[in-house]
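Following: one structure in structure tokens, then a few remarks.
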Amino acid sequence: MKKHYAYRMRAPLIACSIAVIIISSACIVVNSMRLAQAAGMMSPDPVLDAVAIAVLAAVLVVMTATLCGSGYTLTSKGVVRNIGVFFAFMPYKDIWLIRYDTAKTMMLIYYSVSKNGTLKDEMTGAQSKFERVVISGKHFDDFADAVRKHAPNVAVEVVDREQKND
């Protein structure tokens, strides 16, 4: 059974995404009406309008996927992170630590990098990486528990926030 945790987006990103979706939809309608010569509209360049509809449809799909489907999905084999149409996969066997602070402002997930059977990233040479998990703080405990159900050897650390020295 899959469990999904929504990506926590800031209000300006949500507002911009909604604006792009509305503008793209309106432009698709106008260009379609011009191609169909409806409401007295005529297209001076039908090919350009057709290309514009295709590009705007792609923008609409990407923005809708980003706004509605971004997040982290726990599958039977690992954690799938998707932001819009971009996906990354972290197998449970590679995850070794989940760390978040007591104020629940930041969560990090540490995992081993295994490519072609070796424990090394080809680009950096690192044997492990970490990634920030951007979900609502109220879901941190549930996320960590859900990962531990699939991989009981994963350590979970809850740390105090670091104090800044004046």
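All of the numbers you see were taken from the coordinates with simple rules; none came from a lab. Just so it is clear, the structure is predicted and the values come from calculations on it, not from any experiment. Note that we place each Cβ from the backbone using ideal geometry, even for glycine, and neighbour counts take in every protein chain shown.
In table form, for the structure just shown:
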{"quantity": "Residue that is loosely packed, with under 13 Cβ neighbours inside 10 Å, part of a helix (DSSP H, G or I) and not hydrophobic (A, V, I, L, M, F, W, C), where the choices are P12, P44", "calculated": "P12"}
{"quantity": "Residue match in the stretch 20-27 (condition: of a type outside the set (D, E), assigned to a helix (DSSP H, G or I) and closer than 16 Å to I83 by Cα)", "calculated": "no"}
{"quantity": "Condition check for I23: in contact (Cβ under 8 Å) with a residue 24 or more places away in the chain and exposed (fewer than 15 other Cβ atoms within 10 Å of the Cβ)", "calculated": "no"}
{"quantity": "Top-ranked residue in the stretch 1-45 [being touching a helix residue (DSSP H, G or I) at 6+ places or on another chain (Cβ under 6 Å) and of a type outside the set (A, V, I, L, M, F, W, C); ranked as farthest from G78 (Cα to Cα)]", "calculated": "S43"}
